[in-house]
Amino acid sequence: MLAKELISPQSIAIIGASDNVEKPGGKVLKNLLEHGFQGSIYAVNPKQLTTSGVFWVESIGQIQSLDLAILAISAHDCFSAIQELLKIGTKAFIIYSAGFSEIGDDGRLIEIELEELISEAGATLIGPNCIGVIQESYKGVFTTPIPAYHKDGCEMVSSSGATAVFIMEAAVKNGLRFSNIYSIGNGTQTGVEEILEYMDLTYSEGISPKIKLLYLETIRNPFKFIKHTTSLINKGCQIAAIKAGVSEAGSRAASSHTGALASSDAVIRALFRKCGIVYCSGREELISVAGIFQTKKMNGDNIAIVTHAGGSAVMLTDALTINNLNVPHLEKSRTKGLLTKLNPGSSVDNPIDFLATGTAEQLSEIIDFCEAESSIDAIVVVFGSPGLINVRKVYEVLLEKMESCTKPIYPVLPSVINAAEEIKFFLASGKVNFPDEVVLGQALAHVYNTPKSTIDKIPIPEMDIFAIRSIINAAPQGYLNAELTNELLIAAGINNAQQFVCKTTMEVKVACLQLKKPYVLKVVGPLHKTEVNGIRLNIINDEQAFDAFNQLMQVVGAKSVLIQEMQSGEELYCGAARQGGFGHLVICGLGGIFLELLNDTSSSLAPISESEAYRMIHNLKAYPIIEGYRNKEGINENKFNELIRRVAALVQVAPEISELDLNPIKASMNDLIVVDARIKIDSYEKY
């Protein structure tokens, strides 16, 4: 829990203060003074300072008591300074200084010592290697811009101080409002999880900001992150986030299909979906999503585009429709009255193009039409200026309609030079501008398509948990053999093809007596059977089975041969991979050779609800194959849904499973049968 002295200090000391505003210790003094901090400010420096409005002291020992200390000194001097500060009761620390864990092991050791010292005293540390904190009562940063404080503005938490600055620079000029800003730097003691915990535990309806923006480089405690983000969202908050560092070169070396497919980006996207967080890939997208959050809610996916610039309408239409939002065609019978009020040559099909000669009055008529039109859920207005006319009247109409209409209106005002003064007037009303129509289109899709939080008590499908635990407890580390794999799937209620593992021709003969023809034989031993020509299909008699067995036993690494009945149907895939503290990522898609060739997969973190499993299936590009197309029968979607949920439940019951592959799964309208499975067990550290 953050110390109250960090949020609303009565006294602040700058350790390493300066008269030079080009230094962090000087710029923060300037920011504190210019933005009206009402408490006492101590400027600590052995050399006398002349900055007015602060108490200059040569050393910390001259201060009697202190709430918050901001350190702008070398990393090596921080430890002794903090020891002195703790003696006078300081409970909050912001360390600007770099030179800690980001430079290597030596810096990391100093950082650990600082964290232990501060934590033992029950104090709060922000940083090191950060730009500071902005609160309503004080601006404890050495950077600009410093946005005007709005209690209903965005709260932002950023792992990177520079990125926080870049976001604010771009956002402020678009009219985005801010409240509290936390630059956590290395996050030694206080990371994003701790800030979210504070926001959650101190949340007060009608008082606390509802919009949270996150720039993350590390999620150290996924459980805490999930707990507090979902709690905040359930309280009515909206969260958008960028997670940097999601490439996963190491996945190329994974031994299973699932291991190769479970990239960091897939895990983070799955985590955000689970929590109900809008995933953003960059600053501009994050800013646009935040602007959408600060606009009326869109209650449907049908959007009207109103413009006097045809090219912008085309680009926006593409951005919306590619991302599964609709720009519905408007029938002539419904628009003929509107068309008579516009200039000749105007188009009202949607996009509604009222030409470069369009007027404020015509815009008003168009918006009123869209407000009354039941097939429209939201309106995007694109209106700039070639520099020939003053567009203020247009923007006045836009402002009035944004207040009076029940449907959200998203303004795209791209003429940031030609209409600079008019845009300034528009933003002064507290509205947000979306200067790039394509970024807006993508952001609208992200917001609308982000599911609600699904963190809840998800029932586990009925399965033999005692048998599962018995198998796992007795299993050696590494890949389970075929017999144990089969037993585990049966215990989990997963339909597995009947199979026999044979080491002799006599065992093959016994197996053939119990199986229907044709057979399939697979080498047991090598990880990837197709790469060693380790599969024989359509074996129609015992003699062929004996020949295939003898051939497969000659494969390098062969230990035995597995024989099954040949199954027919579409090939599907389902797998799971453990992702540290995030739990297991469950992945589904087409199976067989198409799995890695097409890379068409969908994923979610376990446990998985019925609705989540359907979303995974429907998000596949290959869903038309599952659904059935061109008079070809599809597969049993309900059984695929159940199988996905059973895989998710199995890895919950047996977290020792590090990788699980069911590939392929032969699927028809009647049934799904797993014909090849691989399960890896290893040591499990509880998080």
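Listed here are the helices (runs of 4 or more DSSP H) enclosed by the range 281-362 that have at least 3 residues being closer than 28 Å to Gly387 by Cα, in the same structural domain as Ser374 (by TED's automatic domain parsing) and among the small types (Gly, Ala, Ser): 310-322.
Conditions tested, residue by residue: (1) more than 30 Å from Val523 (Cβ to Cβ); (2) surrounded by fewer than 16 Cβ atoms within 10 Å (Cβ to Cβ); (3) modelled with pLDDT of 95 or more.
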position	(1), (2), (3)
Glu565	no, no, no
Gly591	no, no, no
Leu598	no, yes, no
Ile617	yes, no, yes
Asn631	yes, yes, no
Glu642	yes, no, yes
Val647	no, no, yes
Ala654	no, no, yes
Asn663	no, no, no
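Within the range 203-215, work out how many residues are of a type in the set (S, T, N, Q) and within 28 Å of Phe166 (Cβ to Cβ).
Here is the first cut: in the range 203-215, the ones of a type in the set (S, T, N, Q) are 204, 208.
Still in the running and within 28 Å of Phe166 (Cβ to Cβ): 208.
Counting residues in the range 203-215 that are of a type in the set (S, T, N, Q) and within 28 Å of Phe166 (Cβ to Cβ) gives 1.
Kindly establish whether Phe166 is in contact (Cβ under 8 Å) with a residue 24 or more places away in the chain, buried (at least 23 other Cβ atoms within 10 Å of the Cβ), out of contact with any strand residue (DSSP E or B) (no Cβ under 8 Å at 6 or more places or on another chain) and under 21 Å from Ala240 (Cβ atoms). Lay out the reasoning, then the answer.
Details: in contact (Cβ under 8 Å) with a residue 24 or more places away in the chain: yes; buried (at least 23 other Cβ atoms within 10 Å of the Cβ): no; out of contact with any strand residue (DSSP E or B) (no Cβ under 8 Å at 6 or more places or on another chain): yes; under 21 Å from Ala240 (Cβ atoms): yes.
Judged against the criteria, Phe166 is not a match.
Taken over the range 480-538, the criterion of being assigned to a loop (DSSP other than H, G, I, E, B), farther than 15 Å from Ala548 by Cα and at pLDDT below 95 is satisfied by Leu480, Asn481, Asn495, Ala497, Gln498, Leu515, Lys516, Gly525, Pro526, Leu527, His528.
Considering Gly345, Gly384, the condition of being in contact (Cβ under 8 Å) with a residue 60 or more places away in the chain and either among the small types (Gly, Ala, Ser) or loosely packed, with under 14 Cβ neighbours inside 10 Å (or both) is satisfied by Gly384 alone. Select from the range 262-304 the residues that are aliphatic (A, V, I, L, M) and surrounded by fewer than 23 Cβ atoms within 10 Å (Cβ to Cβ) and write down the one among them that is nearest to Asn324 (Cα to Cα). Among those that are aliphatic (A, V, I, L, M) and surrounded by fewer than 23 Cβ atoms within 10 Å (Cβ to Cβ), it is Met298. Is it the case that the range 144-154 has a residue that's surrounded by fewer than 21 Cβ atoms within 10 Å (Cβ to Cβ), in contact with a Pro (Cβ under 8 Å, 6 or more places away or on another chain) and basic (Lys, Arg)? Yes, the range 144-154 contains at least one residue that is surrounded by fewer than 21 Cβ atoms within 10 Å (Cβ to Cβ), in contact with a Pro (Cβ under 8 Å, 6 or more places away or on another chain) and basic (Lys, Arg). When the test is whether a residue is touching an Asp or Glu at 6+ places or on another chain (Cβ under 8 Å) and of a type in the set (Lys, Arg), Lys87 does not pass it. The sole residue among Ile539, Ile465, Ile535, Ile471 that is closer than 11 Å to Leu562 by Cβ and either touching a residue at least 12 places away in the same chain (Cβ under 8 Å) or not polar (S, T, N, Q) (or both) is Ile535. Being over 28 Å from the mean Cα position of the chain (by Cα) and either surrounded by 23 or more Cβ atoms within 10 Å (Cβ to Cβ) or without any contact (Cβ under 8 Å) to a residue 12 or more places away in the chain (or both) is the filter here; which residues of the range 678-687 pass it? Once the filter is applied, which keeps residues that are over 28 Å from the mean Cα position of the chain (by Cα) and either surrounded by 23 or more Cβ atoms within 10 Å (Cβ to Cβ) or without any contact (Cβ under 8 Å) to a residue 12 or more places away in the chain (or both), the range 678-687 yields only Ile679.
Screening the range 133-235 for helices (runs of 4 or more DSSP H) wholly inside it with 2 or more residues that are under 30 Å from Pro411 (Cα atoms) and under 23 Å from the mean Cα position of the chain (by Cα) returns the ranges 161-172, 222-234.
Scanning the range 6-41 for residues that are closer than 22 Å to Gly61 by Cα and of a type in the set (Gly, Ala, Ser) turns up Ser11, Ala13, Gly16, Ala17, Ser18, Gly25, Gly26, Gly39, Ser40. Among all positions in the range 576-584, there is no residue which is on the phi < 0 side of the Ramachandran plot, in a helix (DSSP H, G or I) and at pLDDT 95 or above. Please verify whether Tyr410 is outside any loop (DSSP other than H, G, I, E, B), hydroxyl-bearing (Ser, Thr, Tyr), under 17 Å from Ile287 (Cβ atoms) and touching a helix residue (DSSP H, G or I) at 6+ places or on another chain (Cβ under 8 Å), treating the condition exactly as stated. So Tyr410 fits the description; yes.
Consider Ala75 carefully, then state whether it is closer than 16 Å to Gln135 by Cβ, within 37 Å of the chain's Cα centre (by Cα) and not assigned by TED's automatic domain parsing to the domain that holds Thr143. Spell out the reasoning first.
Numbers: closer than 16 Å to Gln135 by Cβ: no; within 37 Å of the chain's Cα centre (by Cα): yes; not assigned by TED's automatic domain parsing to the domain that holds Thr143: yes.
It is false that Ala75 is closer than 16 Å to Gln135 by Cβ, within 37 Å of the chain's Cα centre (by Cα) and not assigned by TED's automatic domain parsing to the domain that holds Thr143.
Flag: Ala378 does not match the condition of being closer than 30 Å to Arg645 by Cβ, surrounded by 16 or more Cβ atoms within 10 Å (Cβ to Cβ) and out of contact with any helix residue (DSSP H, G or I) (no Cβ under 6 Å at 6 or more places or on another chain).
Considering the range 636-666 alone, what residues qualify as being of a type in the set (Val, Ile, Thr) and within 13 Å of Tyr573 (Cα to Cα)?
Filtering the range 636-666 for residues of a type in the set (Val, Ile, Thr) gives 644, 647, 651, 653, 657, 665.
Selection gives Ile644, Val647, Ile665.
Taken over the range 413-440, the criterion of being acidic (Asp, Glu) and not in a helix (DSSP H, G or I) is satisfied by Asp436 alone.
The values are calculated or read from the model by the stated rules, or taken from the named source; none is laboratory data. What you are looking at is a predicted structure, and each value in this text was computed from that prediction instead of being measured. Every residue, glycine as well, gets a Cβ built from its backbone with ideal geometry; the counts of neighbours run over all protein chains shown.
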